[in-house]
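What follows is a set of notes on a single structure, which appears directly below.
The values are calculated or read from the model by the stated rules, or taken from the named source; none is laboratory data. Values in this document were obtained by computation on a predicted structure and should not be read as measured data. When we count neighbours, we look across all protein chains shown, and the Cβ atoms used for this are built from the backbone with ideal geometry, even at glycine. SASA here: full protein model, heavy atoms, side chains in, ligands and nucleic acids out. Shrake-Rupley method; radii C 1.70, N 1.55, O 1.52, S 1.80 Å.
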Amino acid sequence: MDYSGKKALVMGLGLHGGGLESARFLLKRGASVTVTDLRDEKTLMPSIEQLDKACAGMGKQPVRYILGTHRIEDFEDADIIIKNPGVRPDSPYLKVSKQIETDISLFLSESPARLFAVTGTKGKSGTVSALHWILSKDRKAGKSFLGGNITVSPLTFLDELTKEDDVTLELSSFQLGDLKSKILKPAAAVLTSIMHDHLDRYASMAEYIDDKRNIYRGQDSSCITVAGNDEWGKSFRAESKGRSLVWNGDGVPKDGISGGWIDDDGRGLARLYNWEGVSEETAELVPQKTIIPGSHQKINMLCAALAAYGLGISAKTISGALSTFPGIEHRLELFYESKGIRFYNDSAATIPEAAAACIEALSSLAALSMQSGLVLVTGGTDKNLDFSPAARAAKNAKAVILLAGTGSEKLIPLLKDTGVSYNGPFDNLDDAVRCALEKAVSGDCVALSPGCASFGMFLNEFDRGNKWKDTVLRLS
């Protein structure tokens with residue numbers, strides 16, 4: 001698409017690439033670009049330097065920056081606004097805008113590739129990464145690409161795509177909400193676990209879920225929709241026009257219902273039915289032994305496997321790929337071992353249920369390997385959530401260390417009620433890591449699994465995870 005002569009305003013340059021790549025995209029297509037961001041030049045300097053370098057490389061006029069503020073006149077004057085997904089849709093600046101896009105909508109307008117899309121509350125990143133891993137192993141032609149909410153803007157690889165390629169996108173509820181008037185038609189749409197989240201932004205769970213539903217609303221009978229067997233999952237599968245596949249954490253789907261489940265041996269199995277109700281043989285998609293621990297990780301891999309299997313990739317290819325899947329950064333990431341202590345980064349656990357899943361996985365791992373136990377670093381900023389799942393699970397940790405924040409303030413009385421002692425809250429990472437090192441002995445796991453948002457002490461969950469790893473390596 002040609003944007004020559006258009007005045008484009010990028011609202012939120014950010015540090016993850018969405019704003020940066022949107023600006024690059026528009027510059028290449030002839031637009032004049034202004035960037036506005038509430039953060040200052042010092043904070044945004046890594047992105048500013050990259051964008052200025054891109055301008056010079058293309059021989060384009062420098063980008064105009066309006067930092068530390070937004071000005072209504074800039075929005076009124078622009079022909080097109082590129083919105084950061086973190087900006088609330090009721091922003092007064094957006095109300096005066098002529099045309100609103102995002103990096104995802106810009107991508108979808110031009111991509112020729114087959115699309116896989118994944119959303120949910122937790123498990124999105126693990127599922128998209130496992131799916132991309134499978135698709136990378138199943139190449140007769142073309143390549144597999146991964147982007148979206150996983151901090152890689154798909155605009156980074158748009159210009160190299162062909163119709164032979166596959167693209168897997170992780171899409172948050174915010175990103176999907178921005179696509180309500182856009183065309184999103186994934187060949188496979190996957191909805192992972194749905195839990196309470198972002199109730200500081202949405203008025204209700206129903207409103208939050210409604211944005212999730214956009215992932216399949218553009219599908220037709222040539223597509224598939226993979227969703228769970230809970231109340232929300234049943235509604236997704238009933239509403240979607242795509243072929244429905246169910247994922248079950250345990251229990252075989254009823255006869256006539258296509259889908260997969262985790263059996264008693266920890267294998268991910270699947271059975272598909274054709275439109276006449278005749279079933280295929282049961283196939284093993286997820287092997288019993290995988291590199292990454294945790295029953296929730298097996299479910300993520302099953303979700304990914306069903307998307308691939310439903311579109312014709314062989315069970316042998318899928319199972320073989322998942323046997324070597326290494327997991328991803330910030331999700332139960334084993335990043336260091338010293339003096340017999342294993343250190344994990346689970347910074348992407350941003351809700352209490354995710355922290356509980358981490359505790360379960362690592363406590364079980366410790367028991368199986370006769371290790372001493374789990375030293376848990378948790379807490380942070382609240383998103384108007386219920387912390388009782390994390391408090392109940394914390395009984396399985398040998399030590400609990402809290403990071404300062406409104407979420408920890410809600411967690412403390414729950415820990416007291418369940419008889420769990422804690423250390424902190426600490427308002428800096430050095431003190432929290434020193435405390436963890438004092439508590440841990442050979443054979444222990446030490447894990448950061450906050451169950452909270454990162455705001456306050458950190459820029460975002462990825463900054464939190466990186467600083468956790470850096471601090472552990474520096475102090476241990």
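In terms of accessible area, using a 1.4 Å probe and ignoring ligands and nucleic acids, His296, His196 rank largest first as His196, His296. Accessible surface calculations at 1.4 Å, restricted to protein heavy atoms, place region 1-136 at 42 Å² per residue.
In the structure shown, the pairs Lys339/Lys395; Lys180/Lys298; Lys180/Lys383 are assessed against 27 Å; a Cα-Cα span above that value is assigned to Lys180/Lys298.
With the dipole of region 221-305 worked out from charges on the C-beta (+1 for Lys and Arg, -1 for Asp and Glu) around the Cα centre, which of Trp261, Ser235, Val286 lies farthest toward the positive end? Farthest towards the positive pole: Ser235.
With 21 Å as the limit, the listed pairs Lys7/Lys60; Lys28/Lys53; Lys137/Lys316; Lys289/Lys469; Lys6/Lys98; Lys6/Lys28 have Lys289/Lys469 beyond it between alpha carbons. Using C-alpha pairs under 8 Å with a sequence gap of at least 6, the mean separation divided by the residue count of region 73-197 gives a relative contact order of 34 percent. Measure off, as a whole percent, the carbon and sulfur share of the 1.4 Å-probe accessible area of the chain, all protein chains present. Using a 1.4 Å probe with all protein chains present, the chain comes out at 49 percent carbon and sulfur. Of the residues Lys395, Lys410, ranked by 1.4 Å probe accessible area with the largest first, the sequence reads Lys395, Lys410. Ordering of 48-60, 314-326, 18-30 by packing is 18-30, 314-326, 48-60, highest average first (other Cβ atoms within 10 Å, averaged per residue).
Average accessible surface for region 310-406: 36 Å² per residue, computed with a 1.4 Å probe over protein heavy atoms with every protein chain in place. Per residue, region 140-202 exposes an accessible area of 40 Å² to a 1.4 Å probe, with every protein chain left in place. The structure shown yields semi-axes √(5λ) of the Cα gyration tensor in Å, and of the options (i) 35, 31, 20; (ii) 40, 24, 21; (iii) 33, 26, 25 that calculated value carries the label (i).
Within the straight-line cut-off of under 14 Å between alpha carbons, the aspartates and glutamates reachable from Lys398 are Glu360, Glu438, Asp444, sequence neighbours fewer than 8 places apart in one chain being disregarded. Normalised size of region 162-267, defined as Cα radius of gyration per 2.2 N^0.38 Å with N residues, equals 1.14.
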